[in-house]
Amino acid sequence: MNASKRFPAFIAYLFPVLGWLYVLFFERKNPFAMFHLRQSVGLILFLLGVFLSWVVVGWALAWIPFAFIFSVLFFSLVIIALIFGIGIWFMGMANALNGNISLLPIFGRMANRLPL
């Protein structure tokens, strides 16, 4: 695979929103770039979901006396998930640069079904 097909796929990971728009508007006919666009969107949705779940659970636990301790413990799980997400992000960029089509772990199948 030549570099002109791999570059848009890499851009989808490197600059999330701007890269997504670039791939959607200028590289829509490139199936490799569209695959990695879906994986990148799935990664960001996963990380956003982790963060928002922590916000909601933390807010709910704040109303219970002394339950903020569980919110702090839950935050450590969020940090672990974010570190995992950064690792997956690097893996996705490496796959895009190497020309590999492989699903990202945990949410790759669901991300591949996104209607983009």
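Where a number appears in this text, it was derived from the coordinates with a stated rule and is not lab data. The structure displayed is predicted, hence computed values, not measured ones. All Cβ positions, glycine included, derive from the backbone under ideal geometry; neighbour counts span all protein chains shown.
A few points about this structure:
- Computed packing ranks the peptides 47-56, 87-96 as 87-96, 47-56, most packed first, by mean other Cβ atoms within 10 Å.
- Note on I80 and A94: the model spin-label points, each 7 Å out from Cα along the C-beta direction, lie 2.2 nm apart.
- Remark: the range 74-81, residue by residue, has Karplus-estimated 3J(HN,Hα) of 5, 5, 5, 5, 5, 4, 4, 5 Hz, where x stands for each Gly or Pro and the curve is 6.51 cos²θ - 1.76 cosθ + 1.60 at θ = phi - 60°.
- With each label modelled as a point 7 angstrom along the Cα→C-beta vector, the F26-N112 pair spans 2.8 nm.
- Under conditions of 20 °C and 1.002 mPa s, the chain yields 141 µm² s⁻¹ as its translational diffusion coefficient, taking Rh as the Kirkwood radius over Cα pairs in the Stokes-Einstein equation.
- Chain lengthening between I69 and L14 when straightened (0.36 nm per residue, less Cα-Cα): 16.2 nm
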